[in-house]
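Visitor: This is the structure, below, for whatever I ask next.
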Amino acid sequence: MAEHPAYPVGLRLTGRRVVVLGGGEVAQRRLPALIAAGADITLVSPEVTPSVEAMADAGELTWERRPYADGDLTDIWYALIATSDHDANTRASAEAERNRVWCVRSDDADEATAWTPATGHSEGVTVAVLTTDAKGRDPRHTAAIRDAVVEGLRDGTLVAPHHRTRTPGVALVGGGPGDPDLITVRGRRLLAAADVVITDHLGPRDLLTELPPNVEVIDAAKLPYGRFMAQEAINNALIEHAKQGKSVVRLKGGDPFVYGRGMEEVQALAEAGIACTVVPGISSSISVPGAAGIPVTHRGVAHEFTVVSGHIAPDDERSLVDWPSLAKLTGTLVILMGVATIAKVAETLIAHGKSPDTPLALIQEGTTAAQRRVDATLATAGEAVLTHEVKPPAVIVIGEVVNVGPNPSA
């Protein structure tokens, strides 16, 4: 038997009787998958781990508090033998053989009639890995293969084309602050499966180099606007490509709903009757300060943080920000899109009571290889932007948290 590989098969155990002998760590690891499969589980063991006991208390299995007895494996579909009693395991394995019950045995795989593969899941797919060489079984090796395949499916580096008809639509994907490794797993997977990607200058550009050559990449900044405003042109491009039956990804920097006009695109798609999936992204308002060694909150220093758009100056009649109230806050103030207006912002905050000596940091190109941090105060912020030639995109952090971490220039 050892000369032949195991025959792989997926067992459908919903509502079918399964017996688990032993309530130790092996059972604890295997039970969740059996529960998820919908099996009718009877666990036989005098003692169990606290986690297994919790499963029994929750009604996910029936626990019989006793050792194995002959007849326990009668009229069942599958057995997991995992007691610490080798003799009991041998007797149970023999009973399973007599009753033609597929049986996994934790202490002696050669005496089992079934092996448990290393399994993982990704988007409706179960990956199961078995070693074909019975004599060379290495659980760590099969688990490593499993992990590599599942990770590849999740992050989009391992792409299997769908041969069945896909449902066309748009995925609004937050690409994160810039580092391509900081996009979410789901975002990367949708990006890898896209027919068309519409991106802008704040989207993580390095992700585009990973796309297959057949994917159409459209730079939103170069769309022919004609009589339309820029956002309307982007909306129209999303709608037109989706109506052609294509899978479209709108790749945006940070999070789509944090100053990304994401809801405007969702609304336009809804009016056109096009399905839209929203994938949140890591916002630069938190991640960029973190990458520069600045926590937006810190015990004893800041109990809140406020995120503000600085693209409109405080004295502009279009501004919706209550700057006088912000000046009275004791927490952290994070300003996005504020490089051009920071001098006016600082002047306004100081005029409404904020100390001119309040620490401030400007973080340009955060999380990327070009990241740099310039420290200043509210009083010197405008001068620092000019002296150090700070350019967008940059995140500005105002508050005592700027001085919490190690000095970056030390």
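The values are calculated or read from the model by the stated rules, or taken from the named source; none is laboratory data. Nothing here was measured: the structure is a model prediction, and the numbers come from that model. Don't worry about glycine lacking a Cβ; one is built from the backbone with ideal geometry, like all the others, and counts go over all protein chains shown.
Visitor: Determine, yes or no, whether THR330 is outside the structural domain of TYR259 (by TED's automatic domain parsing), in a loop (DSSP other than H, G, I, E, B) and out of contact with any helix residue (DSSP H, G or I) (no Cβ under 6 Å at 6 or more places or on another chain).
Guide: So THR330 fits the description; yes.
Visitor: Only one of ARG98, ARG66 is under 20 Å from THR113 (Cα atoms) and basic (Lys, Arg); which?
Guide: Checking each option against the conditions leaves just ARG98.
Visitor: Also, quick follow-up: Conditions: (1) crowded, with 16+ Cβ neighbours inside 10 Å; (2) in a loop (DSSP other than H, G, I, E, B); (3) in contact (Cβ under 8 Å) with a residue 24 or more places away in the chain. GLY405 meets all but one. Number of the miss?
Guide: Looking at each condition in turn, GLY405 falls short on (1).
Every residue, every condition in (1) at pLDDT 95 or above; (2) assigned by TED's automatic domain parsing to the domain that holds ASN89, yes or no:
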{"position": "MET1", "(1), (2)": "no, no"}
{"position": "HIS4", "(1), (2)": "no, no"}
{"position": "TYR7", "(1), (2)": "no, no"}
{"position": "GLN28", "(1), (2)": "no, yes"}
{"position": "ALA37", "(1), (2)": "no, yes"}
{"position": "THR42", "(1), (2)": "yes, yes"}
{"position": "SER51", "(1), (2)": "no, yes"}
{"position": "MET55", "(1), (2)": "no, yes"}
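Visitor: While we're here: Condition first: closer than 23 Å to HIS86 by Cβ and in contact with an Asp or Glu (Cβ under 9 Å, 6 or more places away or on another chain). Now tell me which residues in segment 4-25 satisfy that.
Guide: Scanning segment 4-25 gives VAL18, VAL19, LEU21, GLY22, GLY23, GLY24.
Visitor: Same structure, new question: Name every residue in segment 236-259 that is outside any strand (DSSP E or B) and within 18 Å of LEU207 (Cβ to Cβ), in order of residue number.
Guide: GLY253, ASP255, PRO256
Visitor: Run GLY273 past the list (1) part of a loop (DSSP other than H, G, I, E, B); (2) over 24 Å from ASP206 (Cα atoms); (3) touching a residue at least 40 places away in the same chain (Cβ under 8 Å) and report the number of the one that doesn't hold.
Guide: (3)
Visitor: Please enumerate the residues belonging to segment 284-305 that are assigned to a loop (DSSP other than H, G, I, E, B) and either in contact with a Leu (Cβ under 9 Å, 6 or more places away or on another chain) or at positive phi (or both).
Guide: The answer is GLY293, GLY300, GLU304.
Visitor: Next question. Taking segment 131-171 as the region of interest, how many residues are surrounded by 16 or more Cβ atoms within 10 Å (Cβ to Cβ), in a loop (DSSP other than H, G, I, E, B) and at pLDDT 70 or above?
Guide: So the count comes out to 2.
Visitor: For segment 359-386, what are the residues that are buried (at least 20 other Cβ atoms within 10 Å of the Cβ) and hydroxyl-bearing (Ser, Thr, Tyr)?
Guide: Correct list: THR367 only.
Visitor: Considering THR306, THR277, which residue is closer than 30 Å to LYS246 by Cβ, touching a strand residue (DSSP E or B) at 6+ places or on another chain (Cβ under 6 Å) and surrounded by fewer than 18 Cβ atoms within 10 Å (Cβ to Cβ)?
Guide: Being closer than 30 Å to LYS246 by Cβ, touching a strand residue (DSSP E or B) at 6+ places or on another chain (Cβ under 6 Å) and surrounded by fewer than 18 Cβ atoms within 10 Å (Cβ to Cβ) holds for just one of THR306, THR277, which is THR277.
Visitor: Within segment 294-301, is even one residue under 22 Å from LYS243 (Cα atoms) and among the hydroxyl-bearing types (Ser, Thr, Tyr)?
Guide: Checked segment 294-301: no residue is under 22 Å from LYS243 (Cα atoms) and among the hydroxyl-bearing types (Ser, Thr, Tyr).
Visitor: If ILE274 meets every condition in (1) touching a helix residue (DSSP H, G or I) at 6+ places or on another chain (Cβ under 8 Å); (2) under 29 Å from VAL334 (Cβ atoms) apart from one, which number is that one?
Guide: (2)
Visitor: Of all residues in segment 371-406, count the ones that are more than 22 Å from HIS303 (Cα to Cα), of a type in the set (Ser, Thr, Tyr) and in contact with a helix residue (DSSP H, G or I) (Cβ under 9 Å, 6 or more places away or on another chain).
Guide: Adding up the residues that qualify gives 1.
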